Amino acid sequence: MEARSPPGFSPGGHSGKPSPEPPGSQLRSPDDSSISVKSALIWNESFRSYRFQQDHPFNPRRLEMAVSLIEALGLIDGVQHRMIAPRTATDEELLRVHSPEYVEAVRRLSRRGAERSEGEQWGLGTEDNPIFVGMHEATARVVGGTMRAAELVVSGEVDRAFAIAGGLHHAHRDRASGFCVYSDLGAAIAWIRETTGARVMYIDYDAHHGDGVQGLFYSDPGVLTLSLHESGRFLFPGTGFIDELGEGEGYGFSLNVPMEPQTEDDSWIGIYREILGEAAAAFRPEIIVLQSGVDAHVLDPLAHLRCTTRLFEESVRITAEVAEEYCGGRMIVTGGGGYAIWRVVPRAWTLVWATMTGQTVKDPIPRSWLDRWEEESPRMLPELLRDPADSFPPVPRRTEIEATNRRTLEALKRTALPLLNNRSRPL
Amino acid sequence: MLVRDHMRREVITVSPDDTLAAALRITRGHRIRHLPVVLGDNDLIGILSDRDIRLAMPSPLTVPDSEQLSYLEKTPVAMVMTREVIAVGEEETLEDAAKLLYSHRIGALPVVDASNRVRGILSETDILRSFTRILGVSRPSSRVELRLPDRPGALGRALIILSEHGLNIMSLILPPNRVDGMKVAVIHLETIDPREAIEALEAAGFEAGWPSLAQDLRKLDVNLA
């Protein structure tokens, strides 16, 4: 069966759109099949220790499955595209975004026999964030993975890095929330800001609002946060509305596009392309951090969107184009949400990796991979990497949903873009 | 939910001898629509709304002569202010204040102490903002609706189920309206994943919806499972 590829992304690439090449720059056209992006996938088995409980939805099995699929498809060649081990984040790195009291509490609660009732004030010991032995170390390793990704990209060792275990976008300064204990994203962004002073654009297309990261940089004009998510009227955490624009110096540097439940690929991708392009043109980021939660997929049990794998492939491609245009290609990608762990997450993150590294990948999933996981899977595993175009029935209210999303975008652009244009640092 | 927790304490007032022109500049400059009129030690003697001022102005449909234009500069506030002021005390409840505004169709309530001194002001906008906060979220949560029989113990049983699932309740609103002997509670649960709790509520005979009963989005994906 012929894979459905979005225009301009078919093997060989033929979008016809010539990419501008600024003089003296190494910028490459992402449409050019000869591009050679250097990239790193941050992974080793130690990530499996960020694990709450047997049946908890944030299960490290999703990471193992994704990485093994990436390997089975030959998308790690050990030369251009390498696998690099995480490290553990230092206290100094954690303390850039968390209070000393919180870090101390997490550490205390991680020990065997810790007094658990203390957890509540820190958002720990709840249904979402149960306390487990070794929690501090496991979470510090997730942060270390994203730190490693940031270091590799900032130093120029690679152009793109994928911290697949990262993306804990709900963690707050002194509170765990929504499966997230420490903010790997926050720690990496704060480190980039402190060591390079570069303008960071944080983009988040997880189905849930990226409230933690937004909150950490709410008053920082050096970090533009942009989150597209299912509206807080319907979904956790209940925030991420268009009037959340930042505060103080950072006013105008937080952007949110709350989407209607049942939003499909076309509506989401169109809005993503538009707001990303216009926001980047105003802000002129020097590095991009992308949280790639894959729970906007129609099969995800924790959200109500109806997108397919095309969303992730297209979104990463659009983001990479922006990274090429403004950031010399520099892009750090993390994982995030994604709870259809058997049928969606491995395929989605494989497509994210292939797209961000400029590798073409065919649709059939290797038999060896299916054999390895099928036995454990409670459902039949899909045999194609991309959802075929007619996989899911169209939504009856499509026109209405698209119109509502469009109105939301227009309202955001009316208030936010003039602010962002006026307040962004002049060249 | 007391007036004192929701009122604005920085009140801009005028004196009865101030001119309408001065009052107009204040309402426009501060973008406010109500000015309590006070004497001496903040004693409330009247209220001036932007409507009172506008009624005293020349019609925009006629070309005003210079004499008409000078009216605003000559007329004291005392001439057009409302003397029978509907005010509210700090210790009264927000819901009573909202009812006063609504039933008298007015836009703002001066808040006074026992000696009729102005302590604050509560406008329609302040009340709307407060209700928006009460109905909204202050912490990450998931919204769930629950239909309950209107009899003792029904809510209690539901809450025990939520507590057995270790879920904290960020807010709970139970409006008194009944339809066929049932009420609908809106509950914000501090969790990203309310599925198990909802299933347990349903197993116990409750009708629940995530995020609402009318649009329970879980049901949309049934044909895909």
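Here are some notes:
- Kirkwood-Stokes translational diffusion coefficient of region A:44-423, alpha-carbon pairs, 37 °C, 0.692 mPa s, µm²/s: 159
- Only Cα pairs under 8 Å and 6+ residues apart enter the sum, and on that basis the relative contact order of chain A stands at 18 percent.
- Here, region B:142-224 is characterised by an Rg to Rh ratio of 0.95, where Rg is the alpha-carbon radius of gyration and Rh the Kirkwood radius.
- All Cα-Cα distances of the protein assembly as shown, cut into 10 Å bins from zero to the largest, leave 3, 14, 22, 23, 16, 11, 7, 3, 1, 0 percent in each bin in turn.
- Modelled this way, with points 7 Å down the Cα-to-C-beta line, the labels at B:S163 and B:R178 are 2.6 nm from one another.
- The helix-only estimate of mean residue ellipticity at 222 nm for chain B, built from DSSP H runs of length n ≥ 4 each weighted as -39500 (n - 2.57), is -9500 deg cm²/dmol after division by the residue total.
- Highest GNM mean-square fluctuation among B:L55, B:L44, B:L101, for chain B modelled with Cα contacts below 10 Å: B:L55.
- Stretch gain in nm, segment B:R9-B:A21, where the contour uses 0.36 nm per residue and the Cα spacing is subtracted: 1.8 nm
- Around A:A416: net Lys/Arg minus Asp/Glu count, Cβ-Cβ under 12 Å: -1
- GNM top mover of A:M259, A:M380, A:M201 - chain A, alpha-carbon springs below 10 Å: A:M380
- Relative contact order (%) - criterion: Cα under 8 Å, at least six apart; region: chain B: 18
- Listed residues A:G336, A:G156, A:G178, most fluctuating in chain A (Gaussian network, C-alpha, under 10 Å): A:G156
- Potential extension, A:E157-A:S391 segment - 0.36 nm per residue separation minus Cα distance: 80.2 nm
- Residues B:M79, B:M7 arranged by fewest to most Cβ contacts within 10 Å: B:M79, B:M7
- Local electrostatic count at A:I269 - Lys and Arg +1, Asp and Glu -1, tallied over other residues with Cβ under 11 Å: -3
- Separation in nanometres of the label points that stand 7 Å from Cα toward Cβ, at A:N422 and A:E374: 6.2
- Every helix of 4 or more DSSP H residues in chain A counts as -39500 (n - 2.57), and over all residues that averages to -11500 deg cm²/dmol at 222 nm.
- Using a Förster distance of 25 Å, the FRET efficiency for A:R61-A:R116 (Cβ separation, nearest 0.05): 0.45
- Over region B:3-133, Cα pairs under 8 Å with separation of 6+ residues give a relative contact order of 32 percent.
- In this simple spin-label approximation, A:R51 and B:E207 carry label points 7 Å from Cα along the Cα→Cβ vector, and these lie 4.3 nm apart.
- Neighbours of A:V67 by Cβ distance under 14 Å: Lys/Arg scored +1, Asp/Glu scored -1, total +3.
- Distance from region A:236-251 to region A:81-130 (C-alpha centre basis), Å: 26
- Cα-centred dipole magnitude for region A:212-334, charges only on beta-carbon of K, R (+1) and D, E (-1), debye, nearest 20: 160
Each value in this text was obtained by applying a stated rule to the coordinates, not by laboratory testing. All values reported here derive from a predicted model rather than from experimental measurement. Counting neighbours? That spans all protein chains shown, and the Cβs are built from the backbone with ideal geometry, glycine included.
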